[in-house]
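Have a look at the structure below, then the notes.
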2 protein chains.
Amino acid sequence: MKESIKVFAPATVANVVCGYDVLGFAVNEPGDEVIMRLTGKPGIHISKITGDDGRLPLDPAKNTVSASVQHYLNHIGKPDLGLEIELHKKMPIGSGLGSSSASTVAGLFAVNSLLDNLLTNMELVPFAMKGEELACGYGHADNVAPALLGGFVLIRSYEPLDIISLPSPEGLYAAIVYPEVDVPTKDARQMIRSKVFLKDAVTQWGNVAGLVSGLFLKDYDLIGRSMTDILIEPTRSILIPEFYKLRSIAMEAGAIGFGISGSGPSVFALTKDEATAAKITQSLQAHLKGISINSLSFVSKVNEKGPVVLD
Amino acid sequence: MKESIKVFAPATVANVVCGYDVLGFAVNEPGDEVIMRLTGKPGIHISKITGDDGRLPLDPAKNTVSASVQHYLNHIGKPDLGLEIELHKKMPIGSGLGSSSASTVAGLFAVNSLLDNLLTNMELVPFAMKGEELACGYGHADNVAPALLGGFVLIRSYEPLDIISLPSPEGLYAAIVYPEVDVPTKDARQMIRSKVFLKDAVTQWGNVAGLVSGLFLKDYDLIGRSMTDILIEPTRSILIPEFYKLRSIAMEAGAIGFGISGSGPSVFALTKDEATAAKITQSLQAHLKGISINSLSFVSKVNEKGPVVLD
């Protein structure tokens, strides 16, 4: 058994425009790193957190990483296993890129790796959802499932939990831009109407089915045509500076599709190649700079592996 | 150029439980036949209709077959082409199996075949939708598209029309039972609520995405798990005698999934083999007979070809 381990878990784009609460995919960067050591002394101790500007709690009961690891330890019958955790945030918090999910998944993947992979990554999903509940007030799976499984993931059902890995075209890239404005997930959810017109829901599930078909068929055009959201985006886009201008910039620069990542404020485009993704992030960042908004950008292939052991 | 032709077009199961207005599939039987002859005299003449108990109009302006053929002829610039049409209904009207669609598709496929396939079957879809508008008051595509294209079909979008052919497992069978009770499509549509809870719509589009994934993955269990409908079925099932009892009979007899075909009253099960499908139709018909309801049944592979030329 290894005594210590360093792991990486990826950022994720939830919803993928039309698939509110049921679709998500992982990217190769950004992501978070966790270093975990067996201490031999009972209990979890968080020794260090970097990259969080002091925003995350060191208290093991309140930190989502340690809290979800504790759920895991209780489940496998080792509630008192001694662990020391270092969390290195390599991505912005509150960006809509599954920041809490990346940390939680890194922690669970680390402890499970130290314990010789007692559970599969799929079996870790419910523990990661506990972490999301602590972080966001809502135990969703559309970040943690792709972070754990890699690639595109469908959450067909929450009760019972039923998660399906979807294929994606080999050359699919994501261009992500995070405008540095504040959009708390809880507020973003509360803005959404609780009732919708059935005819709009039909339009939406036609697009969800189209996106899934496009992924299986490796049909970039179908993927793009399906990336429209008439139910959630019209509301959530209000919180994102000049969202529709950003969309037109991305589409004119060659994006297959464009939308809000999770509940925002990050936006993303899918592209057929890396150069187009890079061009899109540059154009979007230049526009945001012109309206005095700082931003970060990431260009990445769609991640295929989920979390990985670094050391 | 042929002077006369006999064609068959298949019955179809629209909605496929979770995919209201966006999914449908065709079966090998039942279906309708059309015999069409070039007359050399301007105008369409319906010379004979059989199997309709006198319910369908012979007036070419009111009959959906001739009306949609006329739309086609206008479109290709031959509005006065002389045609004689015989329609042989080989399936019940008002059964929820796409009866009007089968006739309309047979007519369009016949005239297009006589004219050396000027249009593709995909290009015939809008003309068939015109026929549906005349028959049902609503130009839907979830019967005519699978009847024209065969197999499972997704209508991703109506405006613009975007139709995707989906694969299905080779051995997939449909067991169909038509209880002889009256459920007019218009009434069945009007019973449906115009607004739904977003959380229920999310459940539904998770299932739609799951069903599409199951078809691509040839995963019978996933197809079955996805065949649940929390939005439409609870209302429409009221019009079908002992619907939930029929479901439990079908599921206990080995169905993958079970539901209402289109707006009913026909019900259908999907199965992994012909013997199970046959057992299910027998059990369902026996139960219906016990409550004094006559029924018809059909066992068929999922149709792969759409309409075919018979002579």
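Remarks
- Selection within segment B:38-48 - surrounded by 12 or more Cβ atoms within 10 Å (Cβ to Cβ) and either in contact with a Gly (Cβ under 9 Å, 6 or more places away or on another chain) or not assigned by TED's automatic domain parsing to the domain that holds B:Lys78 (or both): B:Leu38, B:Thr39, B:Gly43, B:Ile44, B:His45
- Considered as a group, the residues in segment B:122-143 that are touching a strand residue (DSSP E or B) at 6+ places or on another chain (Cβ under 8 Å) and more than 14 Å from chain A (Cβ to nearest Cβ) include one that is surrounded by the most Cβ atoms within 10 Å (Cβ to Cβ), and that residue is B:Asn143.
- Residue in segment A:293-307 that is in a helix (DSSP H, G or I), surrounded by 21 or more Cβ atoms within 10 Å (Cβ to Cβ) and at pLDDT 95 or above present: no
- Whichever residue in segment B:222-252 is within 8 Å of chain A (Cβ to nearest Cβ) and touching a Gly at 6+ places or on another chain (Cβ under 7 Å) and, among such residues, is nearest to A:Lys218 (Cα to Cα): B:Leu222
Every residue, every condition in (1) assigned to a strand (DSSP E or B); (2) of a type in the set (D, E, K, R); (3) outside the structural domain of B:Phe268 (by TED's automatic domain parsing); (4) surrounded by fewer than 15 Cβ atoms within 10 Å (Cβ to Cβ), yes or no:
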site	(1), (2), (3), (4)
B:Asp32	yes, yes, yes, no
B:Arg55	no, yes, yes, yes
B:Lys62	no, yes, yes, yes
B:Ser66	no, no, yes, no
B:Leu73	no, no, yes, no
B:Pro79	no, no, yes, yes
B:Ile85	yes, no, yes, no
B:Met91	no, no, yes, no
B:Val105	no, no, yes, no
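- Lone qualifier among A:Ile176, A:Ile164 - being hydrophobic (A, V, I, L, M, F, W, C), free of Cβ contacts under 8 Å to residues at least 24 places away in the same chain and assigned to a strand (DSSP E or B): A:Ile164
- For B:Val16, the conditions (1) within 14 Å of chain A (Cβ to nearest Cβ); (2) of a type in the set (Val, Ile, Thr); (3) free of Cβ contacts under 8 Å to residues at least 60 places away in the same chain all hold with the exception of (3).
- Count - residues of segment A:231-252 that are surrounded by fewer than 15 Cβ atoms within 10 Å (Cβ to Cβ) and among the β-branched types (Val, Ile, Thr): 2
- In segment A:118-128 there is no residue that is outside the structural domain of A:Phe268 (by TED's automatic domain parsing) and more than 23 Å from A:Asp162 (Cβ to Cβ).
- Segment A:107-143, residues that are of a type in the set (Val, Ile, Thr), in contact with a helix residue (DSSP H, G or I) (Cβ under 7 Å, 6 or more places away or on another chain) and either outside any helix (DSSP H, G or I) or closer than 19 Å to A:Ser157 by Cβ (or both): A:Val125
- Extreme residue, nearest to A:Pro169 (Cα to Cα), among residues of segment A:204-221 that are at the interface with chain B (Cβ under 7 Å from one of its Cβ atoms) and out of contact with any strand residue (DSSP E or B) (no Cβ under 6 Å at 6 or more places or on another chain): A:Phe216
The values are calculated or read from the model by the stated rules, or taken from the named source; none is laboratory data. Fair warning: this is a prediction, and the values are worked out from it, not measured in the lab. Cβ sites come from the backbone with ideal geometry, for glycine too, and all protein chains shown count toward neighbours.
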